[in-house]
Amino acid sequence: LLAEMLVVVATTQQPTTAPVDVGTLGQELLLPWQQNRTASQHLMDELNNCTSTQAEAILTRANTRNGQNIRYYIQHEKTYQANRMFYNTLPRTSPLPQTPYRRCSVVGNGAVLLGRRCGAEIDKADFVFRSNLPPLTGNFTRDTGRKANWTTANPISQLNWRFNLLSNKPAQKEKFVRHVRQYSGLLWVSAFGVKAATTVAIRAQRVLREKKLSSLAVVYGNPRHFAAVRDFWAYNGLSMRLSTGIYLTTIAMTICDEVHLFGFWPFDVSHSGEKLLYHYYDKPDTKMNPNLDPAFLHNLPKEFLKLVELHRRGVLKIHLETCI
Ligand code: CDP
């Protein structure tokens, strides 16, 4: 009966997705889990056959030619010419290591993170991925951890609208730098999805250099890599626009021996029936910008069920438990 009562249709769901019984799904994900190393290795090899994440995920001087026309992956008819000045700002070689990290955490922004005190568990990974400049300080730290080695920044909603970097105003630059000080390593920007993303991504890189924030480097996503990952998932039954979370998870599966997901739960109730906001940092009255509404952009429940399949096969672990 309890399971029946918990059958809900998630708010982010689209009509093509079957209703998800979140109660039963949650109970399953809380059972003990063991990695299947053969299955993980198999998927790593399969993904690396489509594209080498280590060499290709980030634009570098090794995978881009001076003067090359870079093709946008959404506005496919458009290109950007990597002139000398742009080319010289790319890292010489890939910042990703040749040997995989032992353990990685990929942190989604779901409100399911709240109250579970998994910060230390997240941070015990050798490498931590985060999406969309999430807050890690203050009361959040206990649930989110602090470590951030690869953080994504959406060029339109974050760099342009939230931090208004195109304005070039000192106060805006300061605000941005104050915010991104909480991350280290890579600040990854999808600069070649649409034309409007490129200028603001370049601006973000300049601001960090100008402010000498050497612990963080802006890097640009390689549209060829994104397209290869998109094709991989389309072949495996996900033909909609991929979310940042599944893209980062795919990267993790190719450069980490063990992959642990936290904050992935795209439903508006928890497995035990409490109401959930969408992001862990949303205020109760947060309104989604309709252009960025995940229901419009992605089909997160469908993606999530793919990740659940990988959890079942022992390829990655989805964490839902309370940690301490
Ligand atoms: O930009 P995007 O909508 O892809 O991401 P986000 O809202 O900043 O959240 C980062 C990622 O966390 C998403 O891409 C999802 O994969 C995951 N997420 C989730 O699984 N459940 C939620 N309630 C919110 C986010």
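The values are calculated or read from the model by the stated rules, or taken from the named source; none is laboratory data. Note that this is a predicted model, so its numbers are computed, not measured. Glycine also receives a Cβ, built like all others from the backbone with ideal geometry; neighbour counts cover every protein chain displayed. Just so you know, the surface numbers come from the protein's heavy atoms only, side chains and all, with ligands and any DNA or RNA stripped out. Shrake-Rupley method; radii C 1.70, N 1.55, O 1.52, S 1.80 Å.
Of the listed requirements (1) over 15 Å from Thr151 (Cβ atoms); (2) part of a helix (DSSP H, G or I); (3) within 23 Å of the chain's Cα centre (by Cα), Gln205 misses just one: (1). For beta carbons closer than 6 Å, sequence separation of 6+ or different chains, a first residue in the range 90-104 that is over 18 Å from Ser40 (Cβ atoms) and a second that is among the basic types (Lys, Arg) and open to solvent by 50 Å² or more (accessible area, probe 1.4 Å), the qualifying pairs are Leu90/Arg61; Arg92/Arg61. Looking at this structure, is Arg116 within 15 Å of the ligand (Cβ to nearest atom), among the basic types (Lys, Arg) and over 19 Å from the mean Cα position of the chain (by Cα)? So Arg116 passes the test. The residue list Ala10, Ala3 contains one member that is modelled with pLDDT under 95, within 16 Å of the ligand (Cβ to nearest atom) and of a type in the set (A, V, I, L, M, F, W, C), which is Ala10.
Which residue, of Val128, Val112, Val107, is over 12 Å from Gly263 (Cα atoms) and surrounded by 22 or more Cβ atoms within 10 Å (Cβ to Cβ)? The match here is Val128. Report whether or not Ala204 is out of contact with any Gly (no Cβ under 6 Å at 6 or more places or on another chain), crowded, with 22+ Cβ neighbours inside 10 Å and more than 25 Å from Asp126 (Cβ to Cβ). So Ala204 fits the description; yes.
Looking at Gly237, Gly245, just one residue is crowded, with 23+ Cβ neighbours inside 10 Å and of a type in the set (Gly, Ala, Ser), and that residue is Gly245.
Just name the residue that is farthest from the ligand (Cβ to nearest atom) out of those in the range 182-201 that are part of a helix (DSSP H, G or I) and open to solvent by less than 70 Å² (accessible area, probe 1.4 Å). Only one residue tops the list, namely Thr198.
Quick check on the range 152-181: of everything there that is β-branched (Val, Ile, Thr) and in contact (Cβ under 8 Å) with a residue 40 or more places away in the chain, which residue is surrounded by the fewest Cβ atoms within 10 Å (Cβ to Cβ)? For the range 152-181, the residue satisfying everything is Ile156. A single entry from Val308, Val207, Val229 fulfils the requirement of being within 16 Å of the ligand (Cβ to nearest atom) and under 29 Å from Asn63 (Cα atoms): Val229. Go through the residues of the range 62-72 one by one and say whether even a single one is surrounded by 17 or more Cβ atoms within 10 Å (Cβ to Cβ), at negative phi and small (Gly, Ala, Ser). No. Among the conditions (1) crowded, with 20+ Cβ neighbours inside 10 Å; (2) within 16 Å of the ligand (Cβ to nearest atom); (3) of a type in the set (A, V, I, L, M, F, W, C), the only one that Val219 does not satisfy is (2).
Looking only at residues that are under 19 Å from Asn132 (Cβ atoms) and within 13 Å of the ligand (Cβ to nearest atom) in the range 269-286, which one is least open to solvent (accessible area, probe 1.4 Å)?
Tyr280
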